[in-house]
């Protein structure tokens, strides 16, 4: 089974053990496939901490994610950048790179609550 990618919002909520409503399909994927985040998620988390939208440090968030079995996917990042160029449906560079990384990783599932991502990436799950 391919890896499952998490977007920033989902990763932050899971790390904080916050309530998050995911479909049974998404929960199944998280439980039975390797779960990863892009390095872009790490950068976006850092920016969210800097502007005060997240209270924990990124290192603490990453440790909580590691405890849940989530790892950072460093492979295919150059390909992610190339794939992201075609994602003109958003001007958000984080969304472009996060989706591009899932695409470059064998069209992996991306678990996201973002409606734009669901409209444009056929392998998105909630």
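Has the stretch 73-84 got any residue that is under 18 Å from residue 110 (Cβ atoms), part of a loop (DSSP other than H, G, I, E, B), in contact with a strand residue (DSSP E or B) (Cβ under 8 Å, 6 or more places away or on another chain) and in contact (Cβ under 8 Å) with a residue 40 or more places away in the chain? Show your work before the answer.
Taking the stretch 73-84 first, the residues under 18 Å from residue 110 (Cβ atoms) are 73-77, 79-84.
From what is left, the residues that are part of a loop (DSSP other than H, G, I, E, B) are 73-76.
After this cut, where a residue has to be in contact with a strand residue (DSSP E or B) (Cβ under 8 Å, 6 or more places away or on another chain) as well, the list is 73.
Among the residues that remain, those that are also in contact (Cβ under 8 Å) with a residue 40 or more places away in the chain are: 73.
For the stretch 73-84, residues under 18 Å from residue 110 (Cβ atoms), part of a loop (DSSP other than H, G, I, E, B), in contact with a strand residue (DSSP E or B) (Cβ under 8 Å, 6 or more places away or on another chain) and in contact (Cβ under 8 Å) with a residue 40 or more places away in the chain: present.
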Could you tell me whether any residue of the stretch 21-31 is at pLDDT 95 or above, touching a helix residue (DSSP H, G or I) at 6+ places or on another chain (Cβ under 8 Å) and on the phi < 0 side of the Ramachandran plot? no
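Looking at residue 40, is it in contact with a strand residue (DSSP E or B) (Cβ under 8 Å, 6 or more places away or on another chain), surrounded by 12 or more Cβ atoms within 10 Å (Cβ to Cβ), under 17 Å from residue 108 (Cα atoms) and in contact (Cβ under 8 Å) with a residue 24 or more places away in the chain? It would help to see each step written out before you state the result.
Values: in contact with a strand residue (DSSP E or B) (Cβ under 8 Å, 6 or more places away or on another chain): no; surrounded by 12 or more Cβ atoms within 10 Å (Cβ to Cβ): yes; under 17 Å from residue 108 (Cα atoms): yes; in contact (Cβ under 8 Å) with a residue 24 or more places away in the chain: yes.
The answer is no for residue 40.
Based on this model, can you work out whether residue 35 counts as under 10 Å from the mean Cα position of the chain (by Cα) and closer than 15 Å to residue 125 by Cα?
On the way: under 10 Å from the mean Cα position of the chain (by Cα): yes; closer than 15 Å to residue 125 by Cα: yes.
So residue 35 fits the description; yes.
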Given the criteria buried (at least 16 other Cβ atoms within 10 Å of the Cβ), within 23 Å of residue 104 (Cβ to Cβ) and touching a residue at least 60 places away in the same chain (Cβ under 8 Å), does residue 9 qualify? yes
The stretch 49-66 residues that are on the phi < 0 side of the Ramachandran plot and exposed (fewer than 14 other Cβ atoms within 10 Å of the Cβ), paired with ones that are at pLDDT below 95 and in a loop (DSSP other than H, G, I, E, B) (beta carbon under 7 Å, 6 or more apart): none
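Working carefully through the options 62, 22, find the one that is assigned to a loop (DSSP other than H, G, I, E, B) and touching a strand residue (DSSP E or B) at 6+ places or on another chain (Cβ under 8 Å). Don't jump to the end; show me each part of the working.
On the way: 62 fails: assigned to a loop (DSSP other than H, G, I, E, B).
Checking each option against the conditions leaves just 22.
With the requirement that a residue be in a loop (DSSP other than H, G, I, E, B), within 21 Å of residue 21 (Cα to Cα) and in contact (Cβ under 8 Å) with a residue 24 or more places away in the chain, what does the stretch 85-126 give you? Outline the logic, then answer.
Taking the stretch 85-126 and keeping what is in a loop (DSSP other than H, G, I, E, B), we get 85-92, 105-108, 112-114, 121-123, 126.
Checking the rest, the ones that are also within 21 Å of residue 21 (Cα to Cα) come to 108, 112-114, 121-123, 126.
Passing the criteria: 108, 112, 113, 114, 126.
The values are calculated or read from the model by the stated rules, or taken from the named source; none is laboratory data. All figures in this text were calculated on a predicted structure; none of them were measured in a lab. We place every Cβ from the backbone using ideal geometry, glycine too, and count neighbours over all the protein chains shown.
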